[in-house]
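Any read-out appearing in this document is the output of simple, stated calculations on the displayed coordinates, not a laboratory observation. If you're wondering where the values come from, they're calculated on a predicted model, not measured in any experiment. Neighbour counts run over all protein chains shown; Cβ positions are idealised from the backbone, glycine included.
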Amino acid sequence: MLHHYFIDIAKGFGKKTAIHDFSTNKKLTYNKSLIASLLLTRIFSKMDEGFIGIMIPTSAGCVLTKIGVLMSGRIPVMINYSTGAAQNVKYAQQKCDFKTVITSKALLEKIECPYVDGMIYIEDIMAAISPVQKIRAALTAALPAKMIKMLVHQGTEDDTAVILFTSGSEKDPKAVQLTHKNILSNIKAVTPIFNFQSNDIFFCALPYFHVFGLTVTMWLPLYHGMKILTYANPLDFKKVCTIIREHKATFMVGTPSFFWGYLRKSEKGDFDSLRIAMAGADKCPDALRDGFKTKHGITVYEGYGATECSPVISVNSPENNRPGSVGKPIPGLQVRIENYETGEELGPRQDGRILVKGDNIMKGYFNDFEQTSLHIRHGWYDTGDMGNIDEEGYLWHVGRLKRFVKIGGEMVSLVKIEDVLEKFLPEDVQCCIVEIPDSIKGAKIVAVVTADLDEKEITGQMADQLPAIAMPKIFLVWDTLPKMGSGKIDFRTISEMAREQLTRK
């Protein structure tokens, strides 16, 4: 059980700093974190059983609330506050049938989110804690770990540890049930790959409503007794660089869009303390890798995962790094590449559906047997992604199956078109390739870019690397590309906006 591991670690690393929260500029030792978690446990134990929503920015408060909810025997439902927060709260409440949501008054004011029935402010909870409650929690925290574990929720490793929602970049979000075993197996699998130890210092700005942030930058460092540096705004690029430099972080993760910001705003020496810089959740462009190598002399490693896989599926590392691939599958995880039409298992370098099997695969989608059975068959989780494995065991991700389009009987990868187009774009110009239905050809390929281009010149350069059926027929110029809260490109919104724009023409 994750919260039991936390109790053991907190007792073992008592006076060591567990969390340095740069949004509030507060430091908490492991001992104080345990006391605070026990305080919250008693409060949450008086609330409705079942699910409790959490909508708090990346901070010590979010970490302790999550642990307290688990210790109270409730299940945390992590809610995305980056876009449409009020709508996301109501969606989660309806989907999982619960009412209570622990949130922050300061957050709601900042994002201009209205109060939703069921919300309880963490500020009010903390203000109402009495001296007697604090003393009781401190006395409990002073007990041996074995006794503390008997006073909090027991449960089993197969119990649900969290509900997370899929990004919704392609359709309505699904409620993913991850168990304690799922998350712990993922942590144990990646630990030897990077030789994680208690003296590592993790920088965390990723939101905890995203599995990348939750497993990799919360539970993993807590599991090893590391120091976590939290900052609630990953888009404050200069501040992020300053924190990493001044507090000597050894591990930084993020999405490529965040890494671009860090690259632009950083100065020589900002990342000298890093052992590992890891990009995930979206494809990592060669230009980004080259930029970090040239400016800072560090290698950005690329990994691949999914919410349903807790999240890590494969990863590049100092010992095994093949830029362009998403690395080798983690220990204990089986990967199968199969023909997307026949289900036949494919050989090296043959593109097909990516299926995975292992202890990190989710329990299922909550209250959605149909979607669960569509995605998990005989223990194999169908990622919905296309890729191949080379002769040396590296996994190559070539895009979502939904980001392939059939034109003239051929499967065309929109991701491959993006990769080619990116090579010829000026610096800082982003692109996204979408497919728009066409009454004659079935599909029309449209390029959305963030600056005016010489289309004739660009398509001439692209023609050397792409067949005619894969060439973009239309270029749309937008100021920015819509993104999810995690920093991933929001393909669903881009497709809808492009379709509307072209319909108006």
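Points worth noting:
- Overall dimensions of segment 108-213 as given by Cα atoms, namely Rg and Dmax in Å: 18.7, 50
- Simple spin-label estimate for E345 and A451 in nanometres, 7 Å along Cα-Cβ: 4.8 nm
- Checking (1) 0.97; (2) 1.06; (3) 0.99 against the coordinates, the calculated Rg/Rh (Cα atoms, Kirkwood Rh) falls under label (1).
- Note on K95: aspartates and glutamates with a C-alpha under 12 Å away, same-chain residues under 8 apart excluded, are D172, D368.
- Exceeding the 30 Å Cα-Cα cut-off - candidates K90/K488; K90/K416; K105/K293; K105/K181: K90/K416; K105/K293; K105/K181
- Among H375, G324, Q350 - extreme Cα towards positive end, dipole of segment 312-375, charges at beta-carbon: G324
- Each peptide among 341-348, 119-126 gets the average number of other Cβ atoms lying within 10 Å of its residues, and from highest to lowest they stand as 119-126, 341-348.
- Over 32 Å between alpha carbons, listed pairs K357/K483; K328/K444; K149/K239: K328/K444; K149/K239
- Theoretical ellipticity at 222 nm over the chain - DSSP helices of four or more residues, -39500 (n - 2.57) apiece, nearest 500: -10000 deg cm²/dmol
- Per-selection metrics, segment 322-400 (Cα): Rg and Dmax in Å: 12.9, 40
- Here the dipole of segment 322-400 is about 240 debye; that uses its Cα centre as origin and unit charges on the Cβ of Lys and Arg (positive) and Asp and Glu (negative).
- Geometric descriptor of segment 18-142, per residue, is 99 Å³ (volume of the convex hull of the Cα atoms).
- Under-5 Å amide H pairs with S314, H placed in peptide plane, nonlocal only: Y304, I330
- Take the Cβ atoms of M150 and S82, set R0 to 56 Å, and the FRET efficiency comes out at 0.90.
- Taking the fewest neighbouring Cβ atoms within 10 Å as the starting point, the ordered list for S72, S82 is S82, S72.
- Listed by chain and number, the aspartates and glutamates whose C-alpha is less than 18 Å from the C-alpha of K15, apart from same-chain residues fewer than 8 away, are D200.
- Total charge dipole magnitude, the chain, about the Cα centre, Cβ charges on Lys, Arg, Asp, Glu only, Debye to nearest 20: 1860 debye
- The phi-based Karplus calculation (6.51 cos²θ - 1.76 cosθ + 1.60; θ = phi - 60°) puts the 3J(HN,Hα) values of segment 220-228 at 4, x, 5, 4, 9, x, 7, 8, 10 Hz, whole numbers, x for Gly and Pro.
- Among the trypsin sites (Lys or Arg not before Pro) in segment 171-229, those placed in a DSSP loop whose Cβ has at most 15 other Cβ atoms within 10 Å are K171.
- DSSP bridge pairs, the chain: antiparallel proportion in percent, nearest 5: 60 percent
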